[in-house]
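Below you'll find the structure, written out as structure tokens, and then a few comments.
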């Protein structure tokens, strides 16, 4: 059986790589631009439109994008959940694109992370600055690829940064600094598996190790503990596909961020792992699993509706007489039907159930 899939994204190079890989598994794959998507609410049923027309029916939809589209992505997956396979739960986009919620989810699931404080204003943060050890990391709640992350090496520099942050009138995070020499780890999680691991070294004068910020990647074989923490972080956020950023602290690996729309070029080039293919195969396998489970439930409900608790299975070719189907002789022997019996026939696409009275 062939399945129809779609990827909804900003059509980045990573998305194009994924689309190409998905075409090896799915019968049809549509590459949809998230900028042309809208979700209509208020009617009897919510509706997703693409370029002004109702979104086609798919067996699998992989939706991804930057934090600017987090609300739209959540709405899309909320409407599609249960109708087709979606690898990220609707809440994953809110969880992953807001660092405050990310850390709350990690905390609730006991996933190791650096000590983190959330404050609403410079005034509220003064007591925190008096008790933390320097340097410290200061972050905006939203942002990806290391953007919105600052390092303060003293209380004076932290106070200056807070004055600037206060002018923006938004909450921010204060986090203990884990000294790794500008090195972090990116674990690419697909399903319940870490499919690739990369160590990233920040360029000189830069604390962010992100490849987009000029970091240099190196292939690394992650130990079992690091893999376990990466998978736990993904599960805490409800993300079947994500990149988990980890620091190796003196207390062990700690998670600093979960990216629900990870870039693939850097980690693919560094590790030589075809990450896009890993993602595509996972999407196909889970789609097949969901469709087959749905068919079994449908068949079971159909038999239950007819009051049939047991079936004997016969495999045979169909024998047509014009537009009529002649049942195999073995079926007559099993059912003991004769031409005088009254029967009830239940017909569905690709299925016929005959029940004697």
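Using 0.36 nm per residue of separation minus the Cα-Cα distance, give me the extension gain between residue 24 and residue 225 in nm, one decimal.
Additional length available on full extension: 69.0 nm.
Which of rounded, prolate, oblate describes segment 10-121, given a ≥ b ≥ c as roots of the alpha-carbon gyration tensor eigenvalues and a/c under 1.5 marking rounded, otherwise prolate only if a/b is larger than b/c?
Here segment 10-121 falls in the prolate category.
Evaluate the relative contact order of segment 4-95 (contact order divided by residue number), counting alpha-carbon pairs under 8 angstrom at least 6 apart; express in whole percent.
Relative CO of segment 4-95 lands at 27 percent.
Taking the number of other C-beta atoms within 10 Å as the exposure measure, put 250, 273 in order starting with the fewest.
Least to most surrounded, the residues fall as 250, 273.
Give the order of 349, 291, 272, 199 when sorted by the count of other beta carbons within 10 angstrom, beginning with the fewest.
In order of increasing Cβ crowding within 10 Å: 349, 272, 291, 199.
May I ask you to sort 337, 93, 67, 140 by Cβ crowding, counting other Cβ atoms within 10 Å and putting the fewest first?
337, 140, 67, 93
Please give the contour-minus-distance gain from residue 41 to residue 2: 0.36 nm per residue of separation, less the Cα-Cα distance, rounded to one decimal in nm.
Between residue 41 and residue 2, full extension yields an extra 10.9 nm.
Could you tell me whether segment 1-57 comes out rounded, prolate or oblate from its Cα gyration tensor? Rule is a ≥ b ≥ c as square roots of the eigenvalues, rounded for a/c under 1.5, then prolate if a/b exceeds b/c, otherwise oblate.
Verdict is oblate for segment 1-57.
What is the extension gain from residue 274 to residue 339, computed as 0.36 nm multiplied by their sequence separation minus the C-alpha to C-alpha distance, in nm to one decimal?
Residue separation times 0.36 nm, minus the Cα-Cα distance, leaves 17.2 nm.
From the Cα gyration tensor of segment 57-156, with a ≥ b ≥ c the square roots of its eigenvalues, which class applies: rounded if a/c is under 1.5, or else prolate if a/b is larger than b/c, or else oblate?
prolate
Throughout, read-outs are computed from the coordinates displayed, never taken from laboratory work. Remember, predicted model here, so these are calculated numbers, not experimental data. Because the Cβ atoms are built from the backbone with ideal geometry, glycine has one as well, and the counts that use them run over all protein chains shown.
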